[in-house]
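This report refers to the structure that appears directly beneath it.
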Amino acid sequence: MNQKIRKIKKDLNEKKVEFIDLKVLDLRGKLHSLILPEKMFDNDLLQNGVGFDASSYGFAKPEKSDMVMIPDLNTMFIDPFAEKKTAVFLANVHLTDEKRTRFSQDVRFIAEKAEKTLKDLKIGTHGMFGPEFEFFIFKNAEYCVKDNNSYYYLEKDSEENRNYYHSSSPDDNYIDFKNEAVSIMESLGIEIKYHHHEVAVNQHEIETKFNTLLKTADASVIIKYVLFNLAKKYDLFLTFMPKPLYYIAGNGWHVHQWIMKNDKNIFFEKGRYGNFSDRGIKYISGLLFHSGSLCAFTNPSTNSYKRLVRGFEAPVAAIFARSNRNAAIRIPTYVIEGETRMEYRPGDASSNPYLFLSSMLLAGIDGISKDIEPERFSFGPFDSGVPDVKSIRKRIKMLPESLSEALGFLEKDNDYLRVSDVFTDELISQWIRIKRKEIDEVMHAPHPKEFEQYFNF
């Protein structure tokens, strides 16, 4: 037993830990737990792992589903919600061969490979990412889908149709809830920038400080875990659904980012547009060039495209600009020089954070590697929004209008994802199969709006 393991074992004993909880995020982004008695934390667990059915995680077919999970010792935290003292580890997925080879479709491994690609291509040493988590909190939520019955009901705090952005108490009923959530996150090592009420009634936001890709994705998993469990504690209902309310602003997962090369921000060049370097602009162009297929991972639900509707609040044009929140990519003008960055605005938190961040990084890398110039594809900048000039509007690329359309783009445009075997052909094919099935299930279910429109015809 090496020194690090001895230290953790000692820590577990001092904290009187009774159980070990190994957590793995499946391909779709759902969190799973496998819980062992503390005595099972030994060399065998850390070398050989514990077996599980990977087909139930969307990773493999039932006939080839035996895999093992091995805890990442750097991710341990004490579960703030478990009655029995429980140490949680995010786990990596491995094959069952003698060497316990990493499974190529393990989402944490994909994030590691994406970060390694950035280094191998000598573009940068690491990316820095800062997401904004938007979510709704309801006092009551009900939904049902049967062959002869379908409905949902969400209890809003007010029927008043107005802008609630940065509302104070008493208009914001959940300040104490968010304060408690942030206190828990901070105690788990997740640094929070701030929280506030968002635009819509019952809508809220928590924004994190910047971190590397893998650590940002790990933190995203834990943040969701904290928020869902805290909501359950207070008999509340919390959702990250992109568009849970009809004709009311939806939830995005806006991600701020820049690339570091050792101690230098490669996006920064003073005096240029937005103080953005040529490489930074080409990184932006890569995201916009691949925006169609990128949406298959950043907006991976059928509900995502009820938010990405033309003429409403979410960005739908593949353009960039300073300050302009209607652009798919915004360059904030309020930042200090060392944190010159861009914000990718179309995405939402129905996504798998590891796949979201990794695909986004690879698209940006491709923009730099291939010298994609924004002028060539009418990406902007458009500081005043999409221009009215018809000749220009016709050249502007729009984001997909449905998940099916995004998957169609992904089928044709995925070479940038497969660089250095970060995303494998198997993963892309499996992702498309899973998402096509989701589309079919939604398409075959009658919608209440259809009854309103067609029942009496």
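The values are calculated or read from the model by the stated rules, or taken from the named source; none is laboratory data. Just so it is clear, the structure is predicted and the values come from calculations on it, not from any experiment. Cβ coordinates were reconstructed from backbone atoms using ideal geometry, including for glycine residues, and neighbour counts include every protein chain displayed.
Details
- Residue check for Ser183: among the small types (Gly, Ala, Ser) and not in a helix (DSSP H, G or I): no
- Scanning region 422-446 for residues that are under 19 Å from Ser402 (Cβ atoms) and in a loop (DSSP other than H, G, I, E, B) turns up His444, Ala445, Pro446.
- The criterion of at least 1 residues that are within 15 Å of the chain's Cα centre (by Cα) is met, among strands (runs of 3 or more DSSP E) falling completely within region 186-279, by 203-208, 237-239, 253-261.
- Considering residues of region 129-140 that are in contact with a Ser or Thr (Cβ under 7 Å, 6 or more places away or on another chain) and not aromatic (Phe, Trp, Tyr) only, the residue surrounded by the fewest Cβ atoms within 10 Å (Cβ to Cβ): Gly130
- The residues of region 294-316 that are hydroxyl-bearing (Ser, Thr, Tyr) and crowded, with 24+ Cβ neighbours inside 10 Å, listed by number, are Thr298, Ser304.
- Residue tally, condition in contact (Cβ under 8 Å) with a residue 12 or more places away in the chain and closer than 14 Å to Thr96 by Cβ, over region 44-59: 9
- Those residues of region 21-43 which are under 14 Å from Ser55 (Cα atoms) and either outside the structural domain of Met67 (by TED's automatic domain parsing) or surrounded by 19 or more Cβ atoms within 10 Å (Cβ to Cβ) (or both), in sequence order: Val24, Leu25, Leu27
- A Cβ distance below 6 Å, combined with a sequence gap of six or more or placement on separate chains, defines the contacts here; from region 31-43, residues that are β-branched (Val, Ile, Thr) reach residues that are in a strand (DSSP E or B) in the pairs Ile35/Phe19; Ile35/Asp21.
- With a requirement of 1 or more residues that are modelled with pLDDT under 95, the helices (runs of 4 or more DSSP H) lying completely within region 299-416 that satisfy it span 390-393.
- Single match in Leu357, Leu288, Leu294, Leu308 (criterion: over 18 Å from Met398 (Cα atoms) and in the same structural domain as Leu427 (by TED's automatic domain parsing)): Leu357
- Among the residues of region 398-457, those identified as aliphatic (A, V, I, L, M) and without any contact (Cβ under 8 Å) to a residue 24 or more places away in the chain are Ile428, Met443.
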